[in-house]
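> One structure, as structure tokens, below. Some questions next.
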Amino acid sequence: MRIGTLLSLFALGLGVSVAEADAHVKWFAPYIVGASPAPIVNTITNLWFWLATGLVLVFFLATRALEKQSLGETILKGFDKVFHPLWLRLDDFVRCVIGAFFVAIFAVGGVYLTPDLKTPAEWVSWLQLLIAFGVFSRRTMPLSAAGIILLWALALTEYDLFHLLDYLALGVAVAAYLVLAASEKESWRRHRFECFAGALR
């Protein structure tokens, strides 16, 4: 049976069997600081956890199977051709994404780094706007990095470490990227993208 047929049947079966689901998406649900973490048995016995895991596995295997075929190779070569100019300016792209993110967080207002880390301090939003502007110059990138670390540390005074570990990539890795990317030493600069990979593992 072909992979496309399998995926179609799986999607059809999923559509027929799905009932009302209770979803918890961290950014759209209240975070209770004093609440203890949910027991791991809640996750292990949750049908939606296993369904999501199964979906990821199915799509991963389907993608790997497609990549090995001639159609997959053609698609990958097409992606390489389309995105080659982006790879040549990857640092500019990353800085634009970081800047856009901090402008968006400034627009949200009243949060440290992410929408679920609330703060009544208005100056935090303005600092995040300054961080956004600072990422576009090598001279000010280390200052933006220091601002990110400061906000992460301030959030740590109000929220527990367990919760802040979710934002390690945003807090520490982005700051490390900015410092290394601004460095004049090529031996430092060449490790700038490794920060993201290490934080997301």
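> Give the Rg (one decimal place) followed by the Dmax (whole number) of the stretch 103-177, computed from C-alpha coordinates and expressed in Å.
11.6, 33
> Report the charge-dipole magnitude of the stretch 48-139 in Debye, nearest 20, computed about the Cα centre from +1 at each Lys and Arg Cβ and -1 at each Asp and Glu Cβ.
It comes to approximately 220 debye.
> Once the Cα gyration tensor of the stretch 39-117 is diagonalised, what are the square roots of 5 times its eigenvalues, in whole Å and ordered largest first, as equivalent ellipsoid semi-axes?
The answer is 31, 30, 7 Å, longest axis first.
> Carbon and sulfur together cover what percent of the accessible area of the stretch 47-201 at a 1.4 Å probe radius?
71 percent
> Spin-label point model (7 Å from Cα, Cβ direction): what's the A100 to E67 distance in nm?
The answer from the label model is 2.5 nm.
> I would also like to ask the following. Taking only protein heavy atoms into account and a 1.4 Å probe, give the accessible area per residue of the stretch 49-100 in Å².
For the stretch 49-100, the per-residue accessible area is 78 Å².
> Once fully extended, how much extra length lies between R189 and K81, figured as 0.36 nm per residue of separation less the alpha-carbon to alpha-carbon distance?
Separation in residues times 0.36 nm, less the Cα-Cα distance, equals 36.3 nm.
The values are calculated or read from the model by the stated rules, or taken from the named source; none is laboratory data. What you are looking at is a predicted structure, and each value in this text was computed from that prediction instead of being measured. Here the Cβ is made from the backbone with ideal geometry for all residues, glycine too, and neighbour counts use every protein chain on show. These accessible areas exclude ligands, DNA and RNA; they are computed on the full protein's heavy atoms, side chains included. Shrake-Rupley method; radii C 1.70, N 1.55, O 1.52, S 1.80 Å.
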